[in-house]
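Engineer: Have a look at this one.
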Amino acid sequence: MKKYVAKRDNIYAGTLIKKITPQVSIIDSNGQEFTESQFPELGITNFQISGGLICRGMLFKINDKNLAEDLIYESPVDYNIEGIKPELNLFDDFVITEYAKLEELLKYMKYSEDLTQEDLKEIYRRFLVHGWWLKRHLDLFGYKKGFHGYQSTEDEILPREIADSLTTINLSKVVKPNPEEPFAKLIKKR
């Protein structure tokens, strides 16, 4: 009997990023630079720029500390998930974004409720590494190919968020651990 690793109802796909706050200068036409304290007198009430380095697409489960636990790579670090408050906050500059729960997709694809490591590797290859399955089945998510790309339709069989998350991961083409990740040299494939 094969040992299961994770439950189907706790499988997510998302993008791991390293948050980066870029340096921004606001300079008028005369070359004068403005500081943040001068923003109110300029009429600027809100100014925010954020960015991030895409580290990789990740298949994960949410553990008991509300952190993302990698299901494909053995990593000494579990990551924060955007919008979920963790019990611990060790590496808060690394965060999972653009994530979606895959339960309905996996159920539709007839995966068992108890997933083995082999199941997880197959899911990872099919949906995160190779974009061919998603590209050929966007109609399941309420998208159809039109003259200028894909358009939304009302015929949504599976949640659109899943396709959006998988598309973001597939567009980045990054699925292996990034050297920028904490303890990157210790991250090994399961």
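Engineer: Heavy-atom accessible area per residue, the chain, 1.4 Å probe: how many Å²?
Structural biologist: 63 Å²
Engineer: Between VAL5 and ASP139, 0.36 nm times their residue separation minus their Cα-Cα distance comes to what?
Structural biologist: Computed gain between VAL5 and ASP139 is 45.2 nm.
Engineer: Trypsin sites (Lys or Arg not before Pro) within the stretch 54-132: which are DSSP loop residues with at most 15 other Cβ atoms inside 10 Å?
Structural biologist: The qualifying sites are LYS65, LYS110.
Engineer: Counting only protein heavy atoms, what percent of the accessible surface of the chain is carbon or sulfur at a 1.4 Å probe? Don't skip to the answer; put the middle values down first.
Structural biologist: Values: 5870 of 11950 Å².
The C+S portion of the solvent-accessible surface of the chain is 49 percent.
Engineer: Amide H of VAL175: which non-local residues (sequence gap of 5 or more, or other chain) have their own amide H closer than 5 Å, using H built in the peptide plane?
Structural biologist: For VAL175, whose amide H was placed from the backbone, the distant partners under 5 Å are GLY57.
Engineer: Same structure, new question: Out of the chymotrypsin sites (Phe, Trp or Tyr not before Pro) in the stretch 84-126, which ones are loop residues according to DSSP with at most 16 other C-beta atoms within 10 Å?
Structural biologist: PHE91
Engineer: Pairs to check: LYS61/LYS85; LYS3/LYS173; LYS107/LYS145; LYS135/LYS185; LYS85/LYS185; LYS61/LYS176. Give those whose C-alpha atoms are more than 22 Å from each other in this structure.
Structural biologist: In this structure, LYS3/LYS173; LYS107/LYS145; LYS135/LYS185; LYS85/LYS185 lie more than 22 Å apart at Cα.
Engineer: Counting Lys and Arg as +1 and Asp and Glu as -1, what is the net charge of the other residues whose Cβ lies under 11 Å from the Cβ of LYS189?
Structural biologist: On the way: positive: LYS121, LYS176, LYS188, ARG190; negative: ASP70, GLU74.
After counting each charged neighbour, the total is +2.
The values are calculated or read from the model by the stated rules, or taken from the named source; none is laboratory data. Worth saying up front: this structure is predicted, and the values here are computed from it rather than measured. With ideal geometry, Cβ positions are generated from the backbone for all residues, glycine too; neighbour counts draw on all protein chains shown. SASA here: full protein model, heavy atoms, side chains in, ligands and nucleic acids out. Shrake-Rupley method; radii C 1.70, N 1.55, O 1.52, S 1.80 Å.
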